[in-house]
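Notes for the one structure printed next.
Any read-out appearing in this document is the output of simple, stated calculations on the displayed coordinates, not a laboratory observation. Since the model is a prediction, treat every value here as computed from it, not as a measurement. Cβ coordinates were reconstructed from backbone atoms using ideal geometry, including for glycine residues, and neighbour counts include every protein chain displayed.
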Amino acid sequence: MSRIDNVFKSQLSQRKKVLIPFITAGDPSPAHTVSLMHALVAGGADLIELGIPFSDPMADGPVIQRASERALKHGVGLKDVLGMVRQFRETNPSTPVVLMGYANPIERMGYEAFAENAAASGVDGVLIVDLPPEESDGLVSALVKKDLAPIYLLAPTTPDFRVKAISERARGYVYYVSLKGVTGAAHVDYSAVGQRLPGLRENLQVPIGVGFGISDGAGAAAVAKVADAVIVGSRLVKEIENSPADAMATNLESLVRSLRTAMDEATVVG
Amino acid sequence: MSQPDYYSVPDARGHFGTYGGIYVAETLMSALDELRERYAFFKNDAEFVREFEYELKHFVGRPNPVYHAARWSEQIGGAQIFLKREDLNHTGAHKITNALGQALLAKRMGKKRVIAETGAGQHGVATATVAARYGMECVVYMGEEDVQRQAPNVFRMKLLGATVVPVSSGSKTLKDALNEAMRDWVTNVDNTFYILGTAAGPHPYPMMVRDFLSVIGREAKAQMRELTGHLPDYVVACVGGGSNAIGMFHDFLKDESVKLVGVEAGGLGLESGKHAAPLSAGIPGVLHGARSYLMQDENGQIIETHSISAGLDYPGVGPEHSWLKDMGRAQYTAVTDDEAMDAFHDLCRFEGIIPALESSHALAYAKKLAPTLAKDQRILVNLSGRGDKDINTVARIDGITL
């Protein structure tokens, strides 16, 4: 069984939910990323989404745009990102890593070369924001050959027939976008999310993570009550942005721990 | 060998061969589906077509003429140069024709708010104009650098009641304005229509923009026949995103005797790397919702472009141009900033027409091409816009303080 399937099975069987933090690879500099990934795990992360920096992050709000810009100042490319995962794997063989990014850097490397390199580096899944199912056949077949999970977005605007089409391709989990907007937006309607998820589940074989705009323990707890996984990105990236270099890892770890605690209290105790 | 069917593209999912498609985040997929369905319905709706044509005639001022630039042709020595006078449209460029078509669609879809991206400001002005005409709220995204170099157009948009939002991310130019417009659309997708200004972006935009602008080529073809009794030997248009060029080329695709040439912004020269010529010097990739030729580095990051002309300063290009390039039906080349400036001044002095810096790229290529041809051959240049908006830029380059 894959690392992703394992972590969902193990947490859900304990009535816990999966905590998925996101950071951008190479932010604020390439030297930080692996230690920040370990800090996320130390704080209670179950799975890490690692952003591939891109010059034109169309679906991201200003916080993650700036993270991409900081990484690109250091010339961080896809090969460097895969190198970071490889280094993380040297001391962490169990925490799944999902790469998240935009199509063009992967197109440039080539689907087959990317899949091979990603699998060899210890990547578990890939979510390409601007590669909807209609355009993803080539990448999906390359990924599946290497036992990498194609992860898809679902949105409040996704009609049922598309949920079914996505379900046929999705492995690992799906990422439900909590709102109409960009990452880090501040208008999540948690009750609307809760109302949508049961309908989605009818058409899905994989667990559902919810992200976009979850910025504190209360939000994480609200999502944990209805979804299988809680995805937090912009809030963590903001913590990196606002922390001095020597406190970055500890600040990130304690922030993740507070999210973990809030989620566990909402599901295990509650 | 039979002629390829140039009118069979795009397919149902927006593909021009391997180009085009729909590469956007899931949140926008249903909005693009809705747009595709509504456009497919209204483009064949008699009342929609009638209103579009009425507005083109009475509000935009179409048809604009084809004009024989006899004095400039004589000066250059060689083929006869003809100009399709898109600069004489209301708001001074071809852009209004597309903005109008999309606004009529927005109106029928019940969208009260329209957004747009703009580079030189021509599409922003066109969108602000049609928004005022139909009583819609209008927000225009414009790169901070372009806000500086196209100040008159910024003021025009404000006069027309639009909100102009300067974009400070990335390279602060057209591509970043497009990113920001997409971010707005994804946030306000229920009440907002995105009036995209060029024949790029996700399906159905490249097709829809082409269809609205293909009136340029239909008019020009009839006008050339009337004026000269013949089709042109060459049709030349500048290519940034490629909207004026595809509008001009489309009706000529079936006329194989007519050579089609798209002219990109060569900036400081292709060898300098400081240009905006993806078809001449880029490789295919995915940006802004479609696959097409792109300016990108070895990591797949989009490269910052350079052009004297804000409207051509874009690292991508409409997917149909990528397809036409690979099919060999159109050729693509580039001219430098200096060559464009030289042609700009020529047209001012020999013909009494101040051309847009974008269109000056097409003129510059015509100036190079004409002496290689016989005097009875004909080059049709799409004069896509007027240059009043560029006088500050030109003055600065020429060292003049206004």
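Mean-square fluctuation check for chain B, GNM, Cα pairs under 10 Å: which of B:I391, B:I81, B:I22 is largest?
B:I391
Can you pull a Stokes-Einstein diffusion coefficient for chain A at 20 °C (1.002 mPa s), Rh from Kirkwood over Cα pairs, as a whole number of µm²/s?
It comes out at roughly 118 µm²/s.
Give me the log10 of I(q) over I(0) for the stretch B:85-155 at q = 0.12, 0.14, 0.20, 0.27 Å⁻¹, as the Debye formula computes it from C-alpha points; what are the numbers?
For the stretch B:85-155, the Cα-only Debye profile gives -0.30, -0.40, -0.78, -1.20.
Please arrange B:H203, B:H90 by how many other C-beta atoms lie within 10 Å of their C-beta, fewest to most.
Ranking B:H203, B:H90 by Cβ neighbours within 10 Å, fewest first, gives B:H90, B:H203.
Would you work out the relative contact order for the stretch A:3-269, in percent, from Cα pairs under 8 angstrom that are 6 or more residues apart?
On the way: 513 pairs, mean separation 62.1, N = 267.
Across the stretch A:3-269, relative contact order equals 23 percent.
Using the structure shown, list the pairs from A:K73/A:K146; A:K180/B:K43; B:K172/B:K368; A:K146/A:K238; B:K259/B:K375 with a Cα-Cα distance above 24 Å, or answer none. Don't jump to the answer; show the numbers that get you there.
Working: A:K73/A:K146 32 Å; A:K180/B:K43 29 Å; B:K172/B:K368 33 Å; A:K146/A:K238 34 Å; B:K259/B:K375 17 Å.
Too far apart for the 24 Å limit: A:K73/A:K146; A:K180/B:K43; B:K172/B:K368; A:K146/A:K238.
List the pair-distance distribution P(r) of chain B, using every Cα-Cα distance, as the percent of pairs falling in each 20 Å bin from 0 up to the bin containing the longest distance, rounded to whole percents.
Taking every Cα pair in chain B, the percentages come to 30, 62, 8.
Are there any helices in chain A, counted as whole DSSP H runs, that stretch 18 Å or more along their axis by Cα and score at least 0.0 on average by Kyte-Doolittle, and if so which?
Span-like helices in chain A: A:30-43, A:248-264.
Cut-off under 21 Å on the C-alpha distance; same-chain residues fewer than 8 positions from B:K254 excluded. Which lysines are left, in chain and number order?
Counting by Cα, and skipping residues close in sequence, B:K254 has these lysines nearby: B:K84, B:K221, B:K325.
I want to verify the translational diffusion coefficient of the stretch B:1-93 in µm²/s; compute it with Stokes-Einstein, Rh as the Kirkwood radius over Cα pairs, at 37 °C and 0.692 mPa s.
Estimated via Stokes-Einstein, D reaches 186 µm²/s.
Based on Cβ point charges of +1 for Lys and Arg and -1 for Asp and Glu, what charge dipole magnitude is obtained for the protein assembly as shown about its Cα centre, in debye rounded to the nearest 20?
Value, rounded to 20: 920 debye.
Once both labels are modelled 7 Å past Cα along the beta-carbon direction, what's the A:S10-B:A12 spacing in nm?
It works out to 4.5 nm between the two label points.
For chain A, give the magnitude of the charge dipole about the Cα centre (Cβ charges: +1 Lys/Arg, -1 Asp/Glu; no others), in debye to the nearest 20.
It works out to roughly 460 debye.
What residue among A:A31, A:P105, A:L19 has its Cα farthest toward the positive end of the dipole of the stretch A:19-139, where the charges are +1 on Lys, Arg and -1 on Asp, Glu, each on the Cβ?
Going by the Cα projections, it comes out as A:A31.
So what J values fall out for the stretch B:327-335 if you push phi through Karplus, 6.51 cos²θ - 1.76 cosθ + 1.60 with θ = phi - 60°, rounded to Hz, Gly and Pro as x?
Running phi through 6.51 cos²θ - 1.76 cosθ + 1.60 with θ = phi - 60° gives 6, x, 6, 10, 9, 10, 9, 9, 10 Hz.
Using Cβ contacts closer than 10 Å as the measure, can you line up B:M341, B:M182, B:M109 from fewest to most?
Fewest-to-most ranking of B:M341, B:M182, B:M109: B:M109, B:M341, B:M182.
Step through the residues of the stretch B:170-182 one at a time and calculate ³J(HN,Hα) from phi using the Karplus curve (6.51 cos²θ - 1.76 cosθ + 1.60, θ = phi - 60°), rounding each to whole Hz and writing x for Gly and Pro.
So the Karplus estimates, Gly and Pro as x, are x, 8, 6, 10, 3, 5, 6, 5, 5, 4, 5, 5, 5 Hz.
Going Cα to Cα from B:K112, which aspartates and glutamates come in below 15 Å? Please leave out same-chain ones fewer than 8 positions away.
B:E137, B:D184, B:D190
Apply the Debye scattering formula to the protein assembly as shown, with a single equal point scatterer on each alpha-carbon and no solvent, then give log10 I(q)/I(0) at q = 0.06, 0.07, 0.10 Å⁻¹.
-0.35, -0.47, -0.90
For chain B, what is the mean residue ellipticity at 222 nm derived from helices alone (per DSSP H run of n ≥ 4: -39500 (n - 2.57); sum divided by total residues; nearest 500 deg cm²/dmol)?
Result for chain B: -12500 deg cm²/dmol, rounded to the nearest 500.
May I ask for the longest run of chain B untouched by GluC sites (Glu not before Pro) that are loop-located per DSSP and have at most 12 neighbouring C-beta atoms (other than their own) within 10 Å?
Working: sites that count: B:E256, B:E298.
Result for the longest clean stretch: B:1-255.
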